[in-house]
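A.B. asks: Pasting a structure below so you can have a look.
The values are calculated or read from the model by the stated rules, or taken from the named source; none is laboratory data. The shown structure was predicted, so the numbers you read here are calculated from the model rather than taken from an experiment. With ideal geometry, Cβ positions are generated from the backbone for all residues, glycine too; neighbour counts draw on all protein chains shown. Ligands, DNA and RNA are stripped out before the accessible areas are found, and what is left, the full protein with its side chains, is counted by its heavy atoms. Shrake-Rupley method; radii C 1.70, N 1.55, O 1.52, S 1.80 Å.
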Amino acid sequence: MEVEEGDEGSGGGRRDDTVEISSENSGPARSRSEDEFDGEGEGDEDGEGEKGKKKKRKKYHRHTAEQIREMEALFKESPHPDEKQRQQLSKQLGLAPRQVKFWFQNRRTQIKAIQERHENSLLKSEMEKLRDENKAMRETIKKSCCPNCGSATSSRDPTMTTEEQQLRIENARLKAEVEKLRAVIGKYPPGTGSPSSSCSAGNDHENRSSLEFYTGIFGLEKSRIMEIVNQAMEELKKMATAGEPLWIRSVETGREILNYDEYMREFSVENSGNGRPKRSIEASRETGVVFVDLPRLVQSFMDVNQWKEMFPCTISKAATVDIICNGEGPNRNGAVQLMFAELQMLTPMVPTREVYFVRFCKQLSADQWAIVDVSIDKVEDNIDASLVKCRKRPSGCIIEDKSNGHCKVIWVEHLECQKSTVHTMYRQIVNSGLAFGAKHWIATLQLQCERLVFFMATNVPTKDSSGVATLAGRKSILKLAQRMTWSFCRALGASSFNSWTKVSSKTGDDIRVASRKNLNDPGEPQGVILCAVSSVWLPVAPHVIFDFLRDEARRSEWDIMLSGGPVQSIANLAKGQDRGNAVTIQTMKSKDNSMWVVQDTCTNAYESMVVYAPVDIPGMQSVMTGCDSSSIAILPSGFSILPDGVESRPLVITSRPEEKSTEGGSLLTIAFQVLTNTSPTAKLTMESVESVNTLVSCTLQNIKTSLQCEDG
């Protein structure tokens, strides 16, 4: 049954998003939309045979727009409502509980299908891009000349080392992308959907043994995988608790350094090359206390969506590829699952890291759990050879319940990465292991858990919630700010979500731009969106830049969109103990009119962010009273501030003179997002690119001037 053009109920989605849903009892798969109801299974409570079939055909139901709106609202909050919620909603909407149940099943299935098609289209576009790059490189090599004789060199000439090496790398990537696409298409032939797309078979897919899957695809017995993860768990426990000589504390920096020779002796690690690793090793350990109860924290690691939400700055993509063992109890003790993650920094200048690993969750004692990740060679090799850029040696965390809603977390991050060229600015912070190390993960975890505590709090002091009268209003604003910051993190990384083009500016700044078209996401403006990003090193301590950029009294010093009038804060909501972790609503005058801006500021031991976006004033006023904020279209811009990774650098600007010799500089990334045309079919113009280019350059210059660190 096809969905008619213009019908309600897709949550803003396009009409062609119908889904194939199969059932063990319902015969051939049928095409259904989320706004149709299907009686799952043959017959009916009141009849059987032909009578039942006739009654079944009558059970297709077209929901009203109001019913769909209410169900969509609940779906956004809870995609898997419990029986009580379904009963309550069915009474409210005048529907049978089974109708509500199957609407939610079909909606979940449609979302899965859309995500799978989106991933497939991403693969295709990446493959086309690689093919074009490959072709361009071939042309370059053909045209290149020998520096000695001036004659054209053959692509087979052994003296052409750099170009040939680059071409071979590109060829390998292209081949791997093709193989990955073939694997996806081969596993899910057109029209069949994924194995988990069936509403009726979804649970069966999750609960089935993966033994056949792993033996057939990876050539690994399930027993061998369990052996590997148990060995990894033992290694993690030792790595988390051992002192010297395995871990040695640096006299200069105070950071712990892994004694690699001792590591190889302790864990009998085999390595070629006279005992030295073939690839660079990054190992780090950090301990911290987080404001979260143990069951919730364990769940956050085992649910891939919660895991992504917990680390939005670091994880650009993640997926549970398959479940090897479900585990037992509510915390899934003993669960083992194969996962994929794409890790990023908040700049397009550092390539993402793609890693496949098996995650194992285990209860160690009454108040202690462990989560261990480890890459398995054959799994990676068979899934996608191009993605073996980064492997996890046994990594993860030991979580100890300290009561009163606190947990002590010992985090070990141990990576083996292919050596690659990193931009000079980021070389120190990446090569030192800070960028993707344990300190970063722990700092982010502490910040997110603290945000959650402040979000759920009911006894918020007035000083921490000024300008908003109700708890419902406070929650709505904090939700909007969280969505805004997630969107910002997604927009400025090197993930394949974004296709960056380097452009030159008159001031010499290195600016990268990417455009995208928003067709139907109500969370941001519809049309053509242009994002421009630039990263610079500044001889200024990170906290100085952060305090400057979040200070509303100094905003006019850098924000060229202001007409010079005062910026006033009409609401200020704390979301952490540090006063730098807050959401504010500011009113200001631009060159054309007055506007409201939502600003989210975050800071932890590793990084800081200032993210902001103009908002519709009537819409924002309704959010402040507690109305749902998900329909507020928002397009964030802002700043990411990192330490430069240099442990000590003399003569940098700091607000504390006594620390002048101990603080390093900062890596500042600035990102602007602009709606260039409200029509999604419009073409991007050079005028738009030049305009946003100027916006970035002028803002950077204003910041340098105010912080007294102009070039030269």
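A.B. asks: Tally the residues that are part of a strand (DSSP E or B) and surrounded by 15 or more Cβ atoms within 10 Å (Cβ to Cβ), restricting the search to region 547-568.
C.D. replies: Looking only at region 547-568, we keep the residues that are part of a strand (DSSP E or B), and these are 562, 568.
If we keep only those that are surrounded by 15 or more Cβ atoms within 10 Å (Cβ to Cβ) as well, we get 562.
Residues flagged as part of a strand (DSSP E or B) and surrounded by 15 or more Cβ atoms within 10 Å (Cβ to Cβ) within region 547-568 amount to 1.
A.B. asks: For region 449-471, enumerate the residues that are out of contact with any Asp or Glu (no Cβ under 9 Å at 6 or more places or on another chain), aliphatic (A, V, I, L, M) and part of a loop (DSSP other than H, G, I, E, B). Reasoning before the result, please.
C.D. replies: Kept after step one, since they are out of contact with any Asp or Glu (no Cβ under 9 Å at 6 or more places or on another chain), are these residues of region 449-471: 449, 451-453, 455-456, 458-471.
So of that shortlist, the ones also aliphatic (A, V, I, L, M) come out as 452-453, 456, 460, 468-469, 471.
Within region 449-471, V460, V468, A469 qualify.
A.B. asks: Moving on. Could you figure out which of (1) within 21 Å of L434 (Cα to Cα); (2) modelled with pLDDT under 85 isn't true of D261?
C.D. replies: For D261, the exception is condition (1).
A.B. asks: Quick test for you: out of W307, W411, pick the one residue that is open to solvent by less than 50 Å² (accessible area, probe 1.4 Å) and in contact (Cβ under 8 Å) with a residue 40 or more places away in the chain. Give the steps one after another, and end with the answer.
C.D. replies: On the way: W307 fails: in contact (Cβ under 8 Å) with a residue 40 or more places away in the chain.
Result: W411 is the single residue among W307, W411 that is open to solvent by less than 50 Å² (accessible area, probe 1.4 Å) and in contact (Cβ under 8 Å) with a residue 40 or more places away in the chain.
A.B. asks: Scan region 316-342 for residues that are free of Cβ contacts under 8 Å to residues at least 60 places away in the same chain and of a type in the set (D, E, K, R) and jot them down. Spell out how you get there, then give the answer.
C.D. replies: The first filter runs over region 316-342 and keeps only residues free of Cβ contacts under 8 Å to residues at least 60 places away in the same chain, leaving 318-320, 327-335, 337-341.
Scanning region 316-342 gives E328, R332.
A.B. asks: Quick one: which of A494, A514, A481, A457 is of a type outside the set (D, E), more than 23 Å from V597 (Cβ to Cβ) and crowded, with 19+ Cβ neighbours inside 10 Å? Quick ask: steps written out before the conclusion?
C.D. replies: On the way: A514 fails: crowded, with 19+ Cβ neighbours inside 10 Å; A481 fails: more than 23 Å from V597 (Cβ to Cβ); A457 fails: crowded, with 19+ Cβ neighbours inside 10 Å.
Within the list A494, A514, A481, A457, the selection yields A494.
A.B. asks: Checking the condition at pLDDT below 85, part of a loop (DSSP other than H, G, I, E, B), open to solvent by 60 Å² or more (accessible area, probe 1.4 Å) and farther than 17 Å from G396 by Cα, which residue from E270, E206 passes?
C.D. replies: Working: E206 fails: part of a loop (DSSP other than H, G, I, E, B).
Exactly one of E270, E206 is at pLDDT below 85, part of a loop (DSSP other than H, G, I, E, B), open to solvent by 60 Å² or more (accessible area, probe 1.4 Å) and farther than 17 Å from G396 by Cα, namely E270.
A.B. asks: Being touching a Phe, Trp or Tyr at 6+ places or on another chain (Cβ under 7 Å) and within 18 Å of V358 (Cβ to Cβ) is the filter here, so list the residues in region 412-439 that pass it. Give the steps one after another, and end with the answer.
C.D. replies: First pass over region 412-439, keeping only residues touching a Phe, Trp or Tyr at 6+ places or on another chain (Cβ under 7 Å): 413, 415, 425, 438-439.
If the condition is that a residue be touching a Phe, Trp or Tyr at 6+ places or on another chain (Cβ under 7 Å) and within 18 Å of V358 (Cβ to Cβ), then E413, L415 are the ones that fit.
A.B. asks: Here is a follow-up. Return the only residue of V597, V611, V623 being open to solvent by less than 10 Å² (accessible area, probe 1.4 Å) and within 22 Å of C449 (Cα to Cα).
C.D. replies: Numbers: V597 fails: within 22 Å of C449 (Cα to Cα); V623 fails: within 22 Å of C449 (Cα to Cα).
After ruling out the rest, the residue left standing is V611.
A.B. asks: Shifting gears a bit: Which numbered condition trips up E524, out of (1) more than 23 Å from T681 (Cα to Cα); (2) touching a helix residue (DSSP H, G or I) at 6+ places or on another chain (Cβ under 8 Å); (3) of a type in the set (D, E, K, R)?
C.D. replies: (1)
A.B. asks: Further question on the same structure: Kindly list the number of the only condition in (1) surrounded by 15 or more Cβ atoms within 10 Å (Cβ to Cβ); (2) touching a residue at least 12 places away in the same chain (Cβ under 8 Å); (3) over 24 Å from C449 (Cα atoms) that fails for I617.
C.D. replies: Evaluating I617 over (1) surrounded by 15 or more Cβ atoms within 10 Å (Cβ to Cβ); (2) touching a residue at least 12 places away in the same chain (Cβ under 8 Å); (3) over 24 Å from C449 (Cα atoms) leaves (1) as the failure.
A.B. asks: Related question: Scan region 486-507 and tell me whether some residue there is hydroxyl-bearing (S, T, Y), in a strand (DSSP E or B) and under 30 Å from C390 (Cα atoms). Spell out how you get there, then give the answer.
C.D. replies: Restricting attention to region 486-507, the residues satisfying the condition of being hydroxyl-bearing (S, T, Y) are 487, 495-496, 499, 501, 504-505, 507.
Keeping just the survivors that are in a strand (DSSP E or B) gives 501, 504.
Imposing the further condition that a residue be under 30 Å from C390 (Cα atoms) reduces the set to 501.
Yes, region 486-507 has at least one match.
A.B. asks: Separate question: Answer yes if at least one residue in region 499-508 is closer than 23 Å to A341 by Cα and under 20 Å from the mean Cα position of the chain (by Cα), and no otherwise. Please lay out each step first, then the result.
C.D. replies: Quick first cut of region 499-508, residues closer than 23 Å to A341 by Cα only: 499-500.
Cutting the leftovers down to under 20 Å from the mean Cα position of the chain (by Cα) gives us 499-500.
Within region 499-508 (the criterion being closer than 23 Å to A341 by Cα and under 20 Å from the mean Cα position of the chain (by Cα)), the answer is yes, since at least one residue qualifies.
A.B. asks: Being open to solvent by less than 40 Å² (accessible area, probe 1.4 Å) and either at pLDDT 90 or above or in contact with a strand residue (DSSP E or B) (Cβ under 8 Å, 6 or more places away or on another chain) (or both) is the filter here; which residues of region 273-299 pass it? Give the derivation first.
C.D. replies: Taking region 273-299 as the starting set, the residues that turn out to be open to solvent by less than 40 Å² (accessible area, probe 1.4 Å) are 275, 277, 280, 282-285, 288, 290, 292, 294, 297-298.
Scanning region 273-299 gives P277, S280, E282, A283, S284, R285, G288, V290, V292, L294, L297, V298.
A.B. asks: Go through region 21-116 and tell me which helices (runs of 4 or more DSSP H), entirely inside it, have 1 or more residues that are at pLDDT 85 or above and within 30 Å of S631 (Cα to Cα).
C.D. replies: 65-77, 83-93
A.B. asks: Within region 656-669, does at least one residue satisfy the condition of being under 27 Å from the mean Cα position of the chain (by Cα), open to solvent by 80 Å² or more (accessible area, probe 1.4 Å) and either closer than 19 Å to V536 by Cα or at pLDDT below 90 (or both)?
C.D. replies: no
A.B. asks: May I ask you to verify whether K502 is more than 30 Å from I634 (Cβ to Cβ), surrounded by fewer than 16 Cβ atoms within 10 Å (Cβ to Cβ) and not β-branched (V, I, T)?
C.D. replies: Values: more than 30 Å from I634 (Cβ to Cβ): no; surrounded by fewer than 16 Cβ atoms within 10 Å (Cβ to Cβ): yes; not β-branched (V, I, T): yes.
Criteria not met by K502.
A.B. asks: Give the residue that is nearest to I315 (Cα to Cα), with candidates limited to residues of region 460-475 that are surrounded by 15 or more Cβ atoms within 10 Å (Cβ to Cβ), at pLDDT below 85 and of a type in the set (G, A, S).
C.D. replies: S465
Yes/no matrix, rows are residues, columns are (1) touching a helix residue (DSSP H, G or I) at 6+ places or on another chain (Cβ under 6 Å); (2) in a helix (DSSP H, G or I); (3) surrounded by 22 or more Cβ atoms within 10 Å (Cβ to Cβ):
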residue	(1), (2), (3)
C397	no, no, yes
N404	no, no, no
K419	no, no, no
L447	no, yes, yes
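A.B. asks: Looking at Q673, is it in a helix (DSSP H, G or I) and either open to solvent by 10 Å² or more (accessible area, probe 1.4 Å) or modelled with pLDDT under 85 (or both)? Spell out the reasoning first.
C.D. replies: Working: in a helix (DSSP H, G or I): no; either open to solvent by 10 Å² or more (accessible area, probe 1.4 Å) or modelled with pLDDT under 85 (or both): yes.
When the stated conditions are applied, Q673 does not pass them.
A.B. asks: Can you tell me which residue is least open to solvent (accessible area, probe 1.4 Å) among those in region 310-326 that are polar (S, T, N, Q) and under 26 Å from T347 (Cα atoms)?
C.D. replies: Top of the filtered list is T314.
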